[in-house]
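Notes follow the structure.
The values are calculated or read from the model by the stated rules, or taken from the named source; none is laboratory data. Computed from a predicted model, the values in this text were never measured in an experiment. Neighbour counts are summed over all protein chains in view; Cβ atoms, including those assigned to glycine, are modelled from backbone coordinates with ideal geometry.
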Amino acid sequence: MSFTVTKVDIWSAKIADKPGGLAKVLGALGKAGANLECVIARRDPAKSGTGVVFLTPVKGAGVRKSAQSEGVAPAGNLATLKVEGDDAVGLGGRLAAAIADAGVNLRGVSAAVIGRKFVAYLGFDNSADATKAARALKALASPKKSAKSKG
């Protein structure tokens with residue numbers, strides 16, 4: 001099983017739940033030179049007319065300034081791991097089981113497969129949980145060493 005695990009910084013903002021709400025934020029970031037790898041947006045069912053967007057990465061002074069002018073800020077209450085590599089049947093279940101076996105609860109998951117590769121963004125309630133999950137996932141990705149037989 002071949003994949004990498006990386007901690008990533010997620011930025012978020014409230015957006016208007018109407019045509020153009022997301023386009024306003026993404027357009028401003030694009031004009032500032034942002035090259036986003038992941039965008040997740042959804043409406044807030046608890047508050048009519050509003051939504052939320054989660055973005056990564058937000059890098060560079062100009063991009064950060066633009067993000068902040070649009071109300072986008074680091075999501076301080078969300079620790080996230082990016083897991084990417086070769087896809088395999090049942091991999092999602094193995095990843096989730098490794099995290100569960102480490103005693104960590106997932107806050108959210110977004111994943112996709114393109115061709116033979118996958119990428120998943122795994123959200124946790126805090127940095128300590130993300131660190132535990134990263135250790136469990138890295139152990140899962142490491143090839144098992146088999147005992148050498150004596151001849």
May I ask you to list the residues in the stretch 1-38 that are of a type in the set (D, E, K, R) and within 29 Å of residue 87 (Cα to Cα)?
7, 9, 37
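Per-residue answers, yes or no, for (1) under 24 Å from residue 15 (Cα atoms); (2) out of contact with any Lys or Arg (no Cβ under 8 Å at 6 or more places or on another chain); (3) buried (at least 19 other Cβ atoms within 10 Å of the Cβ):
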site: 51; (1), (2), (3): yes, no, no
site: 62; (1), (2), (3): yes, yes, no
site: 67; (1), (2), (3): yes, yes, yes
site: 74; (1), (2), (3): yes, yes, no
site: 95; (1), (2), (3): no, yes, yes
site: 107; (1), (2), (3): yes, yes, no
site: 113; (1), (2), (3): no, yes, no
site: 116; (1), (2), (3): no, yes, no
Pair list, Cβ < 8 Å and 6+ apart or interchain, from the stretch 50-77 residues that are among the aromatic types (Phe, Trp, Tyr) to residues that are not in a strand (DSSP E or B):
54/10; 54/75; 54/78
Unique match (being modelled with pLDDT under 95 and either assigned by TED's automatic domain parsing to the domain that holds residue 21 or in contact with a strand residue (DSSP E or B) (Cβ under 8 Å, 6 or more places away or on another chain) (or both)) among 141, 79, 112:
141
Residue under evaluation residue 47, criteria (1) in contact (Cβ under 8 Å) with a residue 12 or more places away in the chain; (2) over 16 Å from residue 80 (Cα atoms), criterion not met
(1)
Could you run through the stretch 30-75 and say how many residues are over 21 Å from the mean Cα position of the chain (by Cα) and aromatic (Phe, Trp, Tyr)?
0
By residue number, the members of the stretch 38-76 that are among the aliphatic types (A, V, I, L, M), more than 25 Å from residue 112 (Cβ to Cβ) and modelled with pLDDT of 95 or more are 61, 73
